[in-house]
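Structure, as structure tokens:
The values are calculated or read from the model by the stated rules, or taken from the named source; none is laboratory data. All values derive from a computational prediction rather than experimental measurement. As a convention, Cβ positions derive from the backbone with ideal geometry for all residues, glycine included, and neighbour counts pool all protein chains shown.
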Amino acid sequence: MNTILILSLPRTGSSNLQRSLCSAYNFKLYFESDKVQPGLYTKGKQIRPNSVHKLIILPSKGIDYYLDLIERFDFTILLSRRDLKQTAESFYILKNINNGRVNAQWNDMVIDREGIRNLEEYKRLSELIEDKWKVLQEISEKTNIPIDFYEDVYSQKRLLNQNIKLDLEYMSERRRCRQSGKQSLL
């Protein structure tokens, strides 16, 4: 295995999973490279060997974009959360409280979850998460790639495909963005 692709919803632990894979295989990390390096994934373009690429699903790209990408990678991981409400909450916090800092930690005790869920911006982001989820499900159905879920990956410290190595240092509780039962980290 020389190239790994992670397709995920936002706020599903995909960054730590990517770091874990890069460390375990000594591969280069490409973090949401379609934003940083437009054209990197142009149809037919060679994928750099010994690399792990992570992309957040964008429904506007269309299903064929992702199906083409999957064909060019040795292995693809589809990642989501079972709890899409928590995904949307975390996405809201990333965008509106943590100013886009992807690794910023925050505390359940200082977030008014019910209040957030009543905000129009949360509702908009929740609908966006649902749209991304539908695309991820369609990718899974068309490729027969099962979806790994954050809750399982981080509690069991493994992917569904147990042949894939992980550096468990990146699976530790202290690396989570949502820190429960601790003093405020905001």
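Here are a few things to note about the model shown:
- Tally, over the range 48-65, of residues that are part of a loop (DSSP other than H, G, I, E, B) and either surrounded by 19 or more Cβ atoms within 10 Å (Cβ to Cβ) or without any contact (Cβ under 8 Å) to a residue 12 or more places away in the chain (or both): 2
- The range 30-47 - residue that is within 29 Å of K85 (Cα to Cα) and in contact (Cβ under 8 Å) with a residue 12 or more places away in the chain and, of those, surrounded by the most Cβ atoms within 10 Å (Cβ to Cβ): Y30
- Residue check, Y154 of a type in the set (S, T, Y), under 15 Å from the mean Cα position of the chain (by Cα) and modelled with pLDDT under 95: yes
- Taken over the range 71-82, the criterion of being touching a strand residue (DSSP E or B) at 6+ places or on another chain (Cβ under 9 Å) and surrounded by fewer than 17 Cβ atoms within 10 Å (Cβ to Cβ) is satisfied by R72, D74, R82.
- The range 134-166, residues that are aliphatic (A, V, I, L, M), more than 12 Å from L7 (Cβ to Cβ) and in contact (Cβ under 8 Å) with a residue 40 or more places away in the chain: V153, L159, I164, L166
- Exclusive hit being of a type in the set (V, I, T), out of contact with any Leu (no Cβ under 8 Å at 6 or more places or on another chain) and under 20 Å from L119 (Cβ atoms), set I93, I63: I93
- On inspection, D83 fails the criterion of being of a type outside the set (S, T, Y) and over 27 Å from E173 (Cβ atoms).
Rundown of residues vs (1) under 22 Å from R11 (Cα atoms); (2) in a loop (DSSP other than H, G, I, E, B); (3) at pLDDT 95 or above, yes/no style:
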{"position": "Y30", "(1), (2), (3)": "yes, no, no"}
{"position": "K35", "(1), (2), (3)": "yes, no, no"}
{"position": "T42", "(1), (2), (3)": "no, yes, no"}
{"position": "Q46", "(1), (2), (3)": "no, yes, no"}
{"position": "L79", "(1), (2), (3)": "yes, no, yes"}
{"position": "S90", "(1), (2), (3)": "yes, no, no"}
{"position": "N99", "(1), (2), (3)": "yes, yes, no"}
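- Scanning the range 107-127 for residues that are touching a residue at least 40 places away in the same chain (Cβ under 8 Å) and in a helix (DSSP H, G or I) yields D108, M109, V110, S126.
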